[in-house]
Amino acid sequence: MSFNIHTIYHQVFKVWRKRRFEWFLRLVAPRPTDILLDVGGNPGFWITQPQPVKRVDTVNVYEINWSAQSAPEHNLRTLVGDGCALAFPDQSYNIGFSNSVIEHVGTWERQQQFASELRRVARTLWVQTPAYACPIEPHYMAPFIHYLPL
């Protein structure tokens, strides 16, 4: 097994993701009857732990190669759509969920539209972005790079 900085980051981020998901469970307290919309999410994330809700719908701008038969104990659907223009009725989901996506949708106006759309279609929200205070910049996997002046 090779050992490099990415091996360390993988282990650290694995622990952080687990803690973040536990925090989500405590704060949002999803119920087994809830339907959750994960904008920008991946089924691979949801099959790593017991599913806390009745169904998870993931929406991405591209099609994800996913077969529900690969994890029949999880009720997951993959949909194609734009997080800034969601094709769902108002309040049609119990929970709107998004991890580290909003910073990728483009301009400040598109980020506002993304947040507005998630608020429109879901009653409860969990929207997470990387913390500026974290010393590791998660997109480049580089320590302290995001503190450098532009």
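The values are calculated or read from the model by the stated rules, or taken from the named source; none is laboratory data. Note that the structure is a prediction, hence the values are computed from the model and not measured. Cβ atoms come from the backbone with ideal geometry, glycine included; neighbour counts cover every protein chain shown.
Details
- Residues (exposed (fewer than 11 other Cβ atoms within 10 Å of the Cβ) and at pLDDT 95 or above) located in region 3-28: R26, L27
- Of all residues in region 105-126, those satisfying the criterion of being buried (at least 17 other Cβ atoms within 10 Å of the Cβ) and in contact with a Gly (Cβ under 8 Å, 6 or more places away or on another chain) are V105, F114, E117, L118, V121, A122, W126.
- Condition broken by A87, with the remaining ones in (1) part of a loop (DSSP other than H, G, I, E, B); (2) in contact with a Leu (Cβ under 8 Å, 6 or more places away or on another chain); (3) hydrophobic (A, V, I, L, M, F, W, C); (4) at pLDDT 90 or above satisfied: (2)
- Residue in region 95-104 that is surrounded by 14 or more Cβ atoms within 10 Å (Cβ to Cβ), of a type in the set (A, V, I, L, M) and in contact with a Pro (Cβ under 8 Å, 6 or more places away or on another chain) present: yes
- Matching entry among L125, L79, L37 (being modelled with pLDDT of 90 or more, part of a strand (DSSP E or B), more than 23 Å from R17 (Cα to Cα) and not charged (D, E, K, R)): L79
- Region 93-113 - residue that is touching a Ser or Thr at 6+ places or on another chain (Cβ under 8 Å) and in a helix (DSSP H, G or I) and, of those, nearest to R31 (Cα to Cα): I102
- Residue check for W66: in a loop (DSSP other than H, G, I, E, B) and hydrophobic (A, V, I, L, M, F, W, C): yes
- Residue identified as farther than 14 Å from G40 by Cα, touching a strand residue (DSSP E or B) at 6+ places or on another chain (Cβ under 7 Å), modelled with pLDDT under 95 and loosely packed, with under 15 Cβ neighbours inside 10 Å among P130, P143, P72: P143
- Subset of region 45-60 (residues that are in a loop (DSSP other than H, G, I, E, B), within 16 Å of Y93 (Cβ to Cβ) and of a type outside the set (V, I, T)): Q51, P52, K54
- Residue list for region 36-55, filter: surrounded by fewer than 17 Cβ atoms within 10 Å (Cβ to Cβ) and β-branched (V, I, T): I47, T48
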